[in-house]
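Here the structure comes first, spelled out in structure tokens, and everything after it is commentary.
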Amino acid sequence: MRLQVALGERAYEILIGEGMMAVESTWHSMPIGETAMVVTDNHVGPLYADRLRDTLAALGVQTAVHQLAAGEQSKTLASWAAIMDQLAEERHDRTTTLIALGGGVVGDLAGFAAATWLRGVRYLQVPTTLLAQVDSSVGGKTGVNHALGKNLIGAFYQPSGVVADLDTLSTLPTRELVAGLAEVIKYGIIRDAKFFEFIEQQLDALLAGDTEQLGRAVVRACEIKAEVVAADERESGLREILNFGHTFAHALETLTEYAELNHGEAVAIGMVMAAELSVAEGWLAASVRDRIMRLIQRLLVLERLPKGLSIDEMIEAFQSDKKTRAGRLRFVLTRGLGHAETSEAVSQERLRKVLERFL
Ligand SMILES: NC(=O)c1ccc[n+]([C@@H]2O[C@H](COP(=O)([O-])OP(=O)(O)OC[C@H]3O[C@@H](n4cnc5c(N)ncnc54)[C@H](O)[C@@H]3O)[C@@H](O)[C@H]2O)c1
Ligand SMILES: [Zn+2]
């Protein structure tokens, strides 16, 4: 399957399918020069880097590999600097293409490296987690974390192409699959009621790693993401809806220092909270909230809600959300399956009542 991200001069293709990485024709349609550097981590590299390198070698592309330690702790300026060092030492010039082979951590970091090396070289995303295939590889948000906050340093910098090889999902740990499914459910809630229904019907197959159903989910999620990004590349309006559940999620992640929940798990819990707030604000029928709740319950992540969090610290954490304007808390809420909007000012009182139900 081939999708377009319609961004004028910066338009690019997303290729989705089984075994895409090892097929030479995949790379014919991707802009790639004679040299490339694959950025990967120490889980993904040993599994897939050779497969990618061999395919590219057959096409005459010389490929270096840069491997970092897996995990969010690697999304730092220090890791970025190590990539710069290797690029400099190996004398990569402007014709080099960076290739991000891995999950969102590798994708964000390699994208930022591509944005900054020689003021910008081409890069391709080869996402290997479900989360990266449905979310982080598309849209051009790149960056690294700062000790004081996630994703504080970065750039909007679009890739030149995305290759989502569904085969890579077969080695993904269940927890990571679930994390990606949380984002998949998000697309249904914010943009496509039919897709939500599809997920309700196919969740067991998706959880079991059924490639056909996963493929359908990745395609529809990428279509929605591509459409939203094309309409609002720099998140001045519509793109905010992709943050449904995320204000809560970021607070949960920050307050537990990223140690208890992965991002998708936090998003799953955050979406339940956002649905509850949507009801409290009079936007959403309780019956729809219950349907959202029932689906997310099947991911078995709600019991991971960290214990001992206080309402005050949650509200404090919301203040540093990127959507906050002059201290006014803004939340993406839903008006029904398939519809989401940012609400201007949510009353603290209502917010407290909602949080009381969970904490
Ligand atoms: N740029 C964006 O728009 C955007 C959107 C959402 C999330 N993100 C970022 O993405 C990151 C999270 O991404 P993630 O969930 O992919 O995490 P990740 O990159 O840390 O990957 C999760 C784990 O799975 C392993 N892994 C990856 N692919 C595998 C495979 N095929 N088989 C076996 N193991 C594999 C990784 O080594 C890692 O241990 C966060 O830093 C988040 O901020 C960015
Ligand atoms: Zn997310």
**Prompt:** Given the structure, is Leu300 in a loop (DSSP other than H, G, I, E, B) and crowded, with 17+ Cβ neighbours inside 10 Å?
**Reply:** no
If we keep only residues of the stretch 208-222 that are without any contact (Cβ under 8 Å) to a residue 60 or more places away in the chain and in a helix (DSSP H, G or I), then the residue nearest to Val288 (Cα to Cα) is Arg220
Of the listed residues (Ala132, Ala100), the one being crowded, with 24+ Cβ neighbours inside 10 Å, more than 20 Å from Glu235 (Cα to Cα) and small (Gly, Ala, Ser) is Ala100
Selection over the stretch 251-262 where residues are surrounded by fewer than 24 Cβ atoms within 10 Å (Cβ to Cβ) and touching a strand residue (DSSP E or B) at 6+ places or on another chain (Cβ under 9 Å) yields a count of 2
Expected output for the stretch 257-268 (first residue within 8 Å of ligand 2 (Cβ to nearest atom), partner among the aromatic types (Phe, Trp, Tyr) and in a helix (DSSP H, G or I), Cβ below 9 Å, 6+ apart or cross-chain) is Val267/Phe248
Return a yes/no flag: does the stretch 144-167 have any residue that is within 26 Å of Glu18 (Cβ to Cβ), part of a helix (DSSP H, G or I), modelled with pLDDT of 95 or more and outside the structural domain of Glu257 (by TED's automatic domain parsing).
yes
Picked from the stretch 121-136 (must be free of Cβ contacts under 8 Å to residues at least 60 places away in the same chain and within 13 Å of ligand 2 (Cβ to nearest atom)), the residue nearest to Asp108 (Cα to Cα) is Ser136
Taking the stretch 250-282 and the residues there that are part of a loop (DSSP other than H, G, I, E, B) and among the hydroxyl-bearing types (Ser, Thr, Tyr), the one that is farthest from Glu176 (Cα to Cα) would be Thr256
Residue pairs qualifying under the 6 Å Cβ cut-off, at least six apart or on distinct chains, with the first in the stretch 235-251 being over 14 Å from Gly264 (Cβ atoms) and the second being in a helix (DSSP H, G or I), are Leu238/Val228; Leu238/Ala231; Arg239/Val228; Ile241/Ile190; Thr247/Phe318; Ala251/Met314; Ala251/Ala317; Ala251/Phe318
* Asked: Quick check: is even one residue across the stretch 234-249 of a type outside the set (S, T, N, Q), over 19 Å from Arg357 (Cβ atoms), within 18 Å of the chain's Cα centre (by Cα) and not in a helix (DSSP H, G or I)?
  -> yes
ask   = Would the stretch 276-293 turn up any residue that is within 24 Å of Lys150 (Cβ to Cβ), crowded, with 21+ Cβ neighbours inside 10 Å, within 14 Å of ligand 2 (Cβ to nearest atom) and assigned by TED's automatic domain parsing to the domain that holds Thr342?
value = no
When every residue in the stretch 1-49 that is part of a strand (DSSP E or B) and over 21 Å from the mean Cα position of the chain (by Cα) is compared, the one farthest from Ala231 (Cα to Cα) is Thr35
Picked from the stretch 292-336 (must be under 20 Å from Arg352 (Cβ atoms) and hydroxyl-bearing (Ser, Thr, Tyr)), the residue modelled with the lowest pLDDT is Thr324
Of (1) among the charged types (D, E, K, R); (2) more than 12 Å from ligand 1 (Cβ to nearest atom); (3) within 24 Å of Val163 (Cβ to Cβ), Lys186 satisfies every one except (2)
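The values are calculated or read from the model by the stated rules, or taken from the named source; none is laboratory data. Values in this document were obtained by computation on a predicted structure and should not be read as measured data. When we count neighbours, we look across all protein chains shown, and the Cβ atoms used for this are built from the backbone with ideal geometry, even at glycine.
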